[in-house]
1. Per DSSP H run of at least 4 residues, take -39500 (n - 2.57); add these up for chain B, divide by its residues and hand me the 222 nm value, nearest 500 deg cm²/dmol.
2. With a cut-off of at most 15 other beta carbons within 10 Å, and DSSP calling the residue loop, which GluC sites (Glu not before Pro) in region A:24-69 qualify? Please list them.
3. Hey, what angle do you get for helix B:2-17 against the long axis of chain B, alpha-carbon based, 0 to 90 degrees rounded to 10?
4. Compare B:Asn156, B:Asn112, B:Asn141 in a GNM of chain B, Cα atoms joined below 10 Å, and give the one with the largest fluctuation.
5. Where a Cα-Cα gap under 21 Å defines reach, which lysines qualify for B:Lys90, not counting those fewer than 8 residues away within the same chain?
6. Can you find, among A:Met69, A:Leu47, A:Ser57, the residue sitting farthest towards the positive end of the charge dipole of region A:27-119, where Lys and Arg contribute +1 and Asp and Glu -1 at Cβ?
7. HN-Hα J couplings of region B:147-154 from phi, Karplus 6.51/-1.76/1.60, θ = phi - 60°, integer Hz, Gly and Pro as x?
8. May I ask you to list the GluC sites (Glu not before Pro) in region B:184-286 that are in a DSSP loop and have at most 15 other Cβ atoms within 10 Å of their Cβ?
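What follows is calculated from the coordinates using simple rules that are stated; it is not laboratory data. The shown structure was predicted, so the numbers you read here are calculated from the model rather than taken from an experiment. Cβ placement follows ideal geometry from the backbone for every residue including glycine, while neighbour counts extend to all protein chains displayed.
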Amino acid sequence: MKKSNLITTSAFALLVAVSATSARAGTLENLERERAITLSDLISDDLSPNERQDRFSNAKPRLVDLERMVMRDPSLKGKNTPDVRRAFSNYDMTFLMHASVEKDRTVVDHWLEQMGVTTSSLMSANVGRR
Amino acid sequence: MKKTILLAGIAVVSALSTPHLALADAKWQPQSVERLVKLPATYLTKSIDQDFRRSELGQAVIGAEKNIGLKAQSLGELNDAVTLADGEIKTELRHRMLVEKHAYLELMADRNDLRRKQLLTKRRLLDKLLGEIADQNGSDNPRQRALIARQEEAQNRFESSLSKVDIQLFNSVDAPQSKYGKKYAENMSAIEKLAQKIDAHQMNESALLDGKAVSQEQYVRALMADTESELAILQQEETILGYMAKLVALDAMSLSEEGLNAEIADSDIPNMSSLAASVDLFIGNN
């Protein structure tokens, strides 16, 4: 009887420990940092087109993986913080890679559209004093 | 002897009016809510009951129940003896019966105090458990519910674009599939097999209430309702104890009154003389 109690107690202790360690903090922060760096490289004047393309090619799979990690992170489900609420209120900005492929656009085009910078808005812009 | 019975009767009545002391030190500190919330509903009740039985308070309740059983037995034996006895022995036994009844009521009152402690602790535990379940389900906060709805919508949209992203990004020469992507795919099939096994496990069956499968939250709410009804019944039992105590006090007064009457009947005190009866002695011719 005592042995079976010990086994049962150990099994539940392991279940609790595994459940506690499976929560991963920081996936959203990692994604946002990586996305900010990638977008910064894409619109940077300091890089040549080839450098820009190389950096983007390296960043692409990393960004895709990070977006998937965020989507699959169980600790974010129902986590009612401003960062999480903001992230999920705008899917197109948060999951930029997946959303741009879904809409058949390049990443930069999709991002610019989310920022309100479109061809029509540029064409209708006036140059002048404020 | 009769004076002794009278004094004993008064002592019983006065003893009944003094408050009894409960076992205030016996405690029950239930296991953590974070652990309990992970247990299947069917195992939850058994786990809580076992935890209680092993606690100081649980042992005190078990001890109290045993003592009550023994006391009830001796009351039964005394009652039989009273019906068979007569004279002074009967009076003595009746006195003894009153003392034992008083002791029985004290034991019951102490046991009820312990039970109340147990039920209040259990109620607090179930309340915390309901809070924990609500936190996990995100059911209380409207903003949280809205967030969960957006996350589910995002999940659906995400799933629909997965294969397209894989084809566009990972079939091109300059973007080979990542280590995370490969490993994730391998692990997913193992996870799905394990999840199926867990779902089919007998310990993962939904709890039943009146033959219907219910959620964990509904099951805990039902346990809470049962605990509340036990507390209400305990309150009613205290009323019964009060009436029993009053009856014992009245029996004690009755016994002491019988003793007084017997003493008066046996006494040598002459009757009071009537003055009118001796008037003739004064109005006679002498």
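1. Calculated at 222 nm, the ellipticity per residue is -27500 deg cm²/dmol.
2. Answer by residue number: there is no such site.
3. Taking Cα atoms only, the helix is inclined about 30 degrees.
4. B:Asn156
5. Cross-link targets: B:Lys2, B:Lys3, B:Lys71, B:Lys101.
6. It is A:Met69.
7. 5, 4, 5, 5, 5, 5, 5, 5
8. Sites meeting the loop and neighbour criteria: B:Glu205.
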